[in-house]
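The values are calculated or read from the model by the stated rules, or taken from the named source; none is laboratory data. Everything quoted here is computed from the prediction, not taken from an experiment. Backbone-built Cβ (ideal geometry, glycine too); neighbour counts: all protein chains shown.
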Amino acid sequence: MSSEDREAQEDELLALASIYDGDEFRKAESVQGGETRIYLDLPQNFKIFVSGNSNECLQNSGFEYTICFLPPLVLNFELPPDYPSSSPPSFTLSGKWLSPTQVRPET
């Protein structure tokens with residue numbers, strides 16, 4: 001790892017920590033990188049529709065719910081040793097309320 005890359009990484013992580021509070025951004029302890037939590041502000045009377053294979057669903061063809069909160073989306077990132085001079089960071093997006101297909105849609 002070059003000293004320029006290491007310094008650029010530290011500057012970037014310091015900038016993120018100064019922009020976001022502790023609930024939104026955390027620097028990783030074991031690797032160069034971190035985690036950003038994205039909280040969604042839902043509009044009033046936000047509705048979701050759930051369909052499935054349960055007996056109740058078969059009669060109704062699904063359920064509609066009004067919700068006021070969703071857990072945050074979580075964006076984890078890792079900075080490789082040669083970032084930013086050669087390699088890009090790696091990202092992983094997750095959400096407890098999203099399926100793997102919704103997180104990584106097929107193209």
Every pair of residues 6+ apart whose Cβ atoms lie under 9 Å, when the first sits in the range 3-31 and is farther than 19 Å from S87 by Cβ while the second is loosely packed, with under 14 Cβ neighbours inside 10 Å and of a type in the set (S, T, Y):
D23/Y39; E24/Y39
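Being among the β-branched types (V, I, T) and at pLDDT 80 or above is the filter; apply it to the range 30-55 and report the residue that is surrounded by the most Cβ atoms within 10 Å (Cβ to Cβ).
In the first step, residues of the range 30-55 are kept if they are among the β-branched types (V, I, T); the result is 31, 36, 38, 48, 50.
Checking which are at pLDDT 80 or above leaves us with 31, 36, 38, 48.
Values: V31: 12, T36: 17, I38: 11, I48: 12.
My answer is T36.
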Given the conditions (1) in a loop (DSSP other than H, G, I, E, B); (2) over 15 Å from L70 (Cα atoms), which single one is not true for L16?
(1)
Taking only the range 11-29 into account, find how many residues are over 16 Å from the mean Cα position of the chain (by Cα) and surrounded by 13 or more Cβ atoms within 10 Å (Cβ to Cβ).
3
For the structure I just gave you, tell me whether I67 is at negative phi and modelled with pLDDT under 90.
yes
